[in-house]
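In what follows, a structure is listed as structure tokens, so that the remarks can point back to it.
The values are calculated or read from the model by the stated rules, or taken from the named source; none is laboratory data. For clarity, every value in this text was computed on a predicted model and none was experimentally measured. For neighbour counting, all protein chains shown are included, and Cβ atoms are generated from backbone atoms with ideal geometry for every residue, glycine included.
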Amino acid sequence: MEHTADAYIAAYGRNLMEAFENAALAMFEVMTDVGKIEPKIEDYVEVEAKDECALLYSWLEALLVKFDVEKMLYSKFKVLKMDETVEGLRLEAKIWGEKFNSKKHPQKVGVKAVTYHRMEVIKEPNKVTLKFILDI
């Protein structure tokens, strides 16, 4: 979606878990061509937050930190569970990818951060839309 100085993303799914998987895929597509990321290395992510928007933020931020710290790019995401906890929500997921290789992975734009600005979780029958902005 159009937005100046940032990447405004809309991710869709038949349910919340699928929409979260597609949101992660969209974030990495902003950074590179995800079709060139081989799902060779399996990893695990668990995040907790007070509500669905905060959970989306925490999920994307955890993935972005993995890129920044470990130089990992991901192209496959499987949300295993979304549970209610005493303090809110918890997400557990498996993710697959490989180390960034400048010869293999074309650089598009760098994502600095995920933001809460204009973040939305829209639930309809058989469809969930997640809207969020990435600071690039």
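Contact map, segment 102-121: residues that are charged (D, E, K, R) paired with residues that are modelled with pLDDT of 90 or more and not in a strand (DSSP E or B), Cβ distance under 7 Å, separation 6+ or inter-chain. Pairs shown: Lys104/Lys36; Lys108/Val30; Lys108/Met31; Lys108/Thr32.
Picking from residues in segment 75-105 that are touching a helix residue (DSSP H, G or I) at 6+ places or on another chain (Cβ under 7 Å) and assigned to a loop (DSSP other than H, G, I, E, B), the one that is surrounded by the fewest Cβ atoms within 10 Å (Cβ to Cβ) is Lys104.
Look at segment 70-91: where a residue is at pLDDT 95 or above and a partner is part of a strand (DSSP E or B) and among the aromatic types (Phe, Trp, Tyr), sitting 6+ places away or on another chain with Cβ atoms under 8 Å, you get Tyr74/Trp96; Ser75/Trp96; Lys76/Trp96; Phe77/Trp96.
Condition check ((1) in contact with a helix residue (DSSP H, G or I) (Cβ under 7 Å, 6 or more places away or on another chain); (2) of a type in the set (Asp, Glu); (3) in contact (Cβ under 8 Å) with a residue 12 or more places away in the chain; (4) within 15 Å of Val128 (Cα to Cα)) across all residues:
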| site | (1), (2), (3), (4) |
| --- | --- |
| Asp6 | no, yes, yes, no |
| Glu21 | no, yes, yes, yes |
| Met27 | yes, no, yes, no |
| Val30 | no, no, yes, no |
| Trp59 | yes, no, yes, no |
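Can you spot a residue in segment 33-51 that is crowded, with 17+ Cβ neighbours inside 10 Å, under 13 Å from the mean Cα position of the chain (by Cα), assigned to a helix (DSSP H, G or I) and among the β-branched types (Val, Ile, Thr)? Within segment 33-51, one or more residues are crowded, with 17+ Cβ neighbours inside 10 Å, under 13 Å from the mean Cα position of the chain (by Cα), assigned to a helix (DSSP H, G or I) and among the β-branched types (Val, Ile, Thr).
Do we have any residue at all in segment 109-130 that's part of a loop (DSSP other than H, G, I, E, B), in contact with a Lys or Arg (Cβ under 7 Å, 6 or more places away or on another chain) and basic (Lys, Arg)? No, every residue in segment 109-130 fails to be part of a loop (DSSP other than H, G, I, E, B), in contact with a Lys or Arg (Cβ under 7 Å, 6 or more places away or on another chain) and basic (Lys, Arg).
For the structure I just gave you, tell me whether Glu98 is acidic (Asp, Glu), out of contact with any Pro (no Cβ under 9 Å at 6 or more places or on another chain) and modelled with pLDDT of 95 or more.
No: the conditions fail for Glu98.
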